[in-house]
Amino acid sequence: MTTIGFIGSGNIGSTLARLAVGAGHDVVLSNSRSPETLHNLIAELGPRARAATTAEAATVGDIVVVAVPIRAYRQVPAAPLRGKVVIDTLNYDPARQGRVPEIEAGDTPAPLLLQSHLAGSSVVKAFSTVFFKHLANLGRPAGAADRSAVPIAGDDPIAKKAVAALIDSLGYDTYDVGPLAESRRFAPGTPAQHAHLDPAGMFAAPGRPASADDLAKLLSA
Ligand SMILES: NC(=O)c1ccc[n+]([C@@H]2O[C@H](COP(=O)([O-])OP(=O)(O)OC[C@H]3O[C@@H](n4cnc5c(N)ncnc54)[C@H](OP(=O)(O)O)[C@@H]3O)[C@@H](O)[C@H]2O)c1
């Protein structure tokens, strides 16, 4: 089993932590405040979970999930993540989350922002396309007819393999879109971004399964 560190334990981080604990992994969670403020979530998750500082979550995680608002990316601690596999869940949606000057200036494309900050890490974009409530609902055992896939992208094939194995354990297939820059194909505003949204676009609905074949069609649309 894997220890998964979390930098950011809000909607998406806590949902992934629940799936991970359910799959038998250990999780170490952190947020922008202090470990004490995660008391309720840790109590809910049980003995496989503990709270820590961001630096400790980064240090102890075999794989580390970054699930913070994109504008906070510079606060993700780079040194303890050097040499590690990092899952990047971040979306750039300036209308809702505010502008990031280095993206707006064209210095760094949004898909590469976290990797450029974590130059010594192997960053794999994943889970950026699934609304957290749908992510909680759509996991299925391997081989289930209605198992969903999530798109992933990254520059390190070994890191992508490790992330795909983790995602499989959480109840999802993966669809490898290619290098990290190609994650632009499932960024906000693309058809693939909302692969698991019901046709009426209702976030309140349970979410719909989307297979790797479904993703392939959306990604080429
Ligand atoms: N919500 C979704 O369904 C969804 C789906 C796909 C991708 N995403 C992406 O996932 C990321 C997180 O979204 P979310 O909805 O989970 O946000 P959220 O509910 O607001 O949670 C954000 C988390 O990040 C923490 N955080 C903020 N600044 C931090 C810092 N400097 N250092 C450490 N932790 C920090 C927050 O801690 P505090 O509580 O202490 O502030 C909180 O735990 C975003 O980039 C979003 O685009 C979200």
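The table that follows gives values for the structure above.
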quantity	calculated
Whole-number percent relative contact order across the stretch 3-219, with pairs defined as alpha carbons under 8 Å at least 6 apart	17 percent
Amide proton proximity set for residue 65, modelled H, under 5 Å, gap of 5+	5, 6, 7, 87
The chain: most fluctuating residue of 83, 178, 143 per GNM, C-alpha cutoff 10 Å	143
Listed residues 190, 89, 174, most fluctuating in the chain (Gaussian network, C-alpha, under 10 Å)	190
Under the Debye formula (equal points on every Cα, no solvent term), log10 I(q)/I(0) of the stretch 46-172 at q = 0.09, 0.14, 0.15, 0.16 Å⁻¹	-0.28, -0.67, -0.77, -0.87
For the stretch 109-138 and the stretch 45-97, distance of Cα centres in Å	10 Å
Furthest towards positive pole of dipole, 109, 178, 38, structure part the chain, Cβ charges	38
Efficiency of FRET from Cβ geometry, residue 155 and residue 205, R₀ 45 Å, rounded to 0.05	0.80
Ratio of Rg to Rh over the chain (Cα coordinates, Kirkwood Rh, two decimals)	0.94
Virtual spin-label span in nm between residue 142 and residue 165, 7 Å along Cα→Cβ	1.1 nm
Simple label model, 7 Å out from Cα along Cβ direction - residue 44 to residue 95, nm	2.9 nm
Whole-number Å³ per residue for the convex hull built on Cα positions in the stretch 37-101	113 Å³
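Values quoted throughout were computed directly from the atomic coordinates according to the rules given, and no laboratory measurement underlies them. Model, not experiment: these values are computed from the prediction. All Cβ positions, glycine included, derive from the backbone under ideal geometry; neighbour counts span all protein chains shown.
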